[in-house]
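Colleague: Got a structure here, written out as structure tokens. Questions coming.
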Amino acid sequence: MPKPGPLNLLTDVPGLTVGNATDEAVASGVTVVHFPGGWTAAVDVRGGGPGVRETETLSPENGYAKLHGLTLSGGSVFGLGAADGVVAALSQAGEGFPVRPGAPRAPIVAGAVLYDLANGGDKDWGLEPPYRRLGQQALASADTTFALGAVGAGRGARAGLVQGGLGSASLDLGDGLVVGALAAVNPVGSVFMPDGETFWAWPFEIDGEFGGRVPTGPSGAVEPMPDDSRLAGQGRLTQGANTTLAVVAVNADLTPAECKRVAMMAQDGLSRAVRPAHTPFDGDVVFAVASGAVGLGGAERLRRIARIGSAAGDCLTRAIARGVYAARG
């Protein structure tokens, strides 16, 4: 039976690292995922107000569908500058595509941002937003272990009416394949059932990883948009003010088109953990990356891709709940 990897983090997928940088004065931060050498990648965007960078580059029909780095950031549009800092640092280190001899290498660094500009931190940064610096700091700290909760891109996040955060989870599928997910959780929807305590993700929990609470009685999902008046009072019912940003990874030899399919399947994990999801107010985006280390073979390839996509969705469901659980703790 599949079980989490030893860390229960995205970094259980061998070869990648994750780093966080948090600015407590600004009440915001950046999370960077580093894919040394460039990993095959794709992206699926389903929110109505996304803030993204280099997503079209990853379309399967284009020629650079590989990622050397990914930034998830607070700061809304200002946070897109985190990727600039990571691009400069990776190029300086010799990573990226050698487009022309003698020219600087060109690493592909995608990015996605969440809105945390109204959370009370000091946003009076003038012409020097901190996100380029935070991107480089997060990259420099990237490792196989990293913190969850109100750190990095999750520092200023909100999940409906409660504190959001950064979450991660993994699954070892037992046949050489490892799948992981990382999420910065800032949706307008709720991660909790109507009792306000039980995660919608509870059926997917493994070994009490987000508290072990289960429903104690009937708790129907009848109201399509719970707490909308309270959300409006907090200014959350604004396009672009909310989102869940995610990346799922696997050590398989997926093509860009197959990564796209995995990203699409992983979106189902987001909608299992957050209700409602993919609204006009959110910028929900899922990146999918593959290292290529494990071959999938021919006859069983489609079946194994389906299993990877299903596992990616389950990991993302758990990662979202873990992010909020860690932030509340």
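Derivation of every value follows stated rules applied to the coordinates shown; laboratory data play no part. Only a predicted model underlies this, so the values are computations on that prediction, with no experimental measurement involved. In this analysis, Cβ positions are derived from the backbone assuming ideal geometry, glycine residues included, and neighbour counts consider all displayed protein chains.
Colleague: With a/c under 1.5 counting as rounded, go ahead and sort segment 32-131 into rounded, prolate or oblate using the C-alpha gyration tensor (a ≥ b ≥ c being the square roots of the eigenvalues; past the cut-off, prolate if a/b is larger than b/c, else oblate).
Modeller: oblate
Colleague: Taking the Cβ of residue 316 as the centre, find all other residues whose Cβ is under 14 Å away and add up their charges (Lys, Arg: +1; Asp, Glu: -1). Can you show the working numbers first?
Modeller: On the way: positive: 46, 272, 318, 322; negative: 44, 205, 209, 268, 284, 314.
It works out to a net charge of -2.
Colleague: Pick from 79, 298, 49: which is most flexible by mean-square fluctuation in a GNM of the chain where alpha carbon atoms under 10 Å apart are linked?
Modeller: In the Gaussian network model the winner is 298.
Colleague: While we're looking at this one, here's another question. Rank the residues 1, 265 as a footprinting-exposure proxy: fewest other Cβ atoms within 10 Å of their Cβ go first.
Modeller: Result, fewest neighbours first: 1, 265.
Colleague: Run the numbers for residue 147 and residue 257: contour at 0.36 nm per residue of separation, minus the present Cα-Cα distance, in nm.
Modeller: 36.4 nm
Colleague: Between 114, 67, 127, where does the largest GNM mean-square fluctuation fall for the chain, given springs only between Cα atoms within less than 10 Å?
Modeller: In this elastic network of the chain, the residue with the biggest mean-square fluctuation among 114, 67, 127 is 127.
Colleague: While we're on this one: Go ahead and run the numbers for FRET between residue 301 and residue 128, Cβ-Cβ distance against an R0 of 41 Å, rounding to 0.05. Write out the running numbers ahead of the final one.
Modeller: Working: r = 49 Å, r/R0 = 1.19.
Efficiency at R0 = 41 Å is approximately 0.25.
Colleague: So, counting K/R as plus one and D/E as minus one, what does the shell of residues with Cβ under 15 Å around residue 216 add up to?
Modeller: -1
Colleague: Continuing with this model, one more query. Treat the count of other C-beta atoms within 10 Å as a stand-in for reagent exposure and order 325, 64 from fewest to most.
Modeller: Going from least to most buried by this count: 64, 325.
Colleague: Give me the number: length gained by fully extending residue 25 to residue 216, i.e. 0.36 nm times residue separation minus the C-alpha to C-alpha distance, one decimal in nm.
Modeller: 64.7 nm
Colleague: For the chain, modelled as a Gaussian network with Cα springs under 10 Å, which listed residue fluctuates most, 119, 242, 62?
Modeller: 62
Colleague: Further question: I want to check the label-to-label distance for residue 99 and residue 56. Put each point 7 Å from Cα in the C-beta direction and report it in nm to one decimal.
Modeller: Going by the 7 Å Cα→Cβ label model, 1.5 nm.
Colleague: Here's a follow-up. Return a whole-number percent for the relative contact order of segment 12-71, with Cα pairs under 8 Å and 6 or more residues apart as the contact set.
Modeller: So the answer I get is 34 percent.
Colleague: How large is the dipole of the chain about the Cα centre if only Lys and Arg carry +1 and Asp and Glu carry -1, each at its Cβ, rounded to the nearest 20 debye? Intermediate values should be presented prior to the final figure.
Modeller: Numbers: 25 positive and 31 negative charges, 67 e Å.
In total the dipole reaches around 320 debye.
Colleague: Next question. Find how much the distance from residue 293 to residue 64 grows on full extension, using 0.36 nm per residue of separation minus their present alpha carbon separation; answer in nm with one decimal.
Modeller: Difference between extended and current length: 80.5 nm.
Colleague: Within the chain, what's the longest run with no GluC sites (Glu not before Pro) in a DSSP loop and at most 14 other beta-carbon atoms within 10 Å? Give the range, please.
Modeller: 62-196
Colleague: Filter the chain for me: DSSP H helices, axial length by Cα at least 20 angstrom, mean Kyte-Doolittle hydropathy not below 0.0. List them by residue number.
Modeller: 301-328
Colleague: What is the distance, in nm, between label points placed 7 Å from the Cα along the Cα-to-Cβ direction at residue 206 and at residue 77?
Modeller: 4.1 nm
Colleague: List the relative contact order of the chain as a percent without decimals, with contacts defined as Cα pairs under 8 Å and 6+ residues apart.
Modeller: It rounds to 26 percent for the chain.
Colleague: Out of all DSSP beta bridges in the chain, what portion is antiparallel? Express it as a percent rounded to 5.
Modeller: 80 percent
Colleague: Hey, with R₀ at 51 Å, roughly what FRET efficiency would residue 92 and residue 161 work out to, going by the Cβ-Cβ distance, to 0.05?
Modeller: 0.75
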